[in-house]
Amino acid sequence: MRGKSTTNPKKPKDKADSVLSDDEIRYSILTLLYKKAKESPDSRILHRKKIVEILCIPENSVYFNLNYLEEAKLIEKVDMFYSSEGWGGDRVTASGIDVVEHKEKNKNCFPFLNATIPIQIQNKIGLINL
């Protein structure tokens, strides 16, 4: 056949195979920290390495988006916390809780709330759509 490739056509990438957008990562991190706070109010801090492990996302991407969420005052870094992963961690702030609980109202201020948490992350952290 002239002009047609004889190799198998590429199948479209499945969302699980693609790189996550920063919006998806931000919303996933915020939701993960919210879920942690809701389940364990007295121990609601997660070490950054644990967040990387849970989300299965490269460390640089996680840290970049944690810094964004921290500058937006939705999470806070806690240096005086020790876990088996080491010192420090992050937790959701009261503002971050409000943003998650009132998602529709906050979409204009925080456009990443328009993202969807990828199904593989929802399954991993046991989310039911918040």
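Once you put a point 7 Å from the Cα of His102 and another 7 Å from the Cα of Met80, both along the Cβ direction, what distance in nm separates them?
Reported label-point gap for His102 and Met80 is 3.0 nm.
Given the Cα-Cα distance of Lys124 and Ser40 and 0.36 nm per residue of separation, how much length would full extension add, in nm?
28.5 nm
Quick one: which residues, 5 or more positions from His47 or on another chain, have an amide H under 5 Å from its amide H? H modelled 1.01 Å from N in the peptide plane, none for Pro or chain starts.
Here the answer is Asp90, since their amide H atoms fall under 5 Å of that of His47.
Just list whichever of Lys103/Lys124; Lys49/Lys77; Lys36/Lys107; Lys50/Lys124; Lys49/Lys124 have alpha carbons separated by over 20 Å in the model shown.
Those over the limit are Lys103/Lys124; Lys36/Lys107.
Mind checking which aspartates and glutamates have their C-alpha under 17 Å from Lys38, skipping anything on the same chain fewer than 8 residues away?
Glu76, Asp90, Asp98, Glu101
All of the numbers you see were taken from the coordinates with simple rules; none came from a lab. The shown structure was predicted, so the numbers you read here are calculated from the model rather than taken from an experiment. Reconstructed Cβ throughout: ideal geometry from the backbone, glycine too, with neighbour counts over all protein chains shown.
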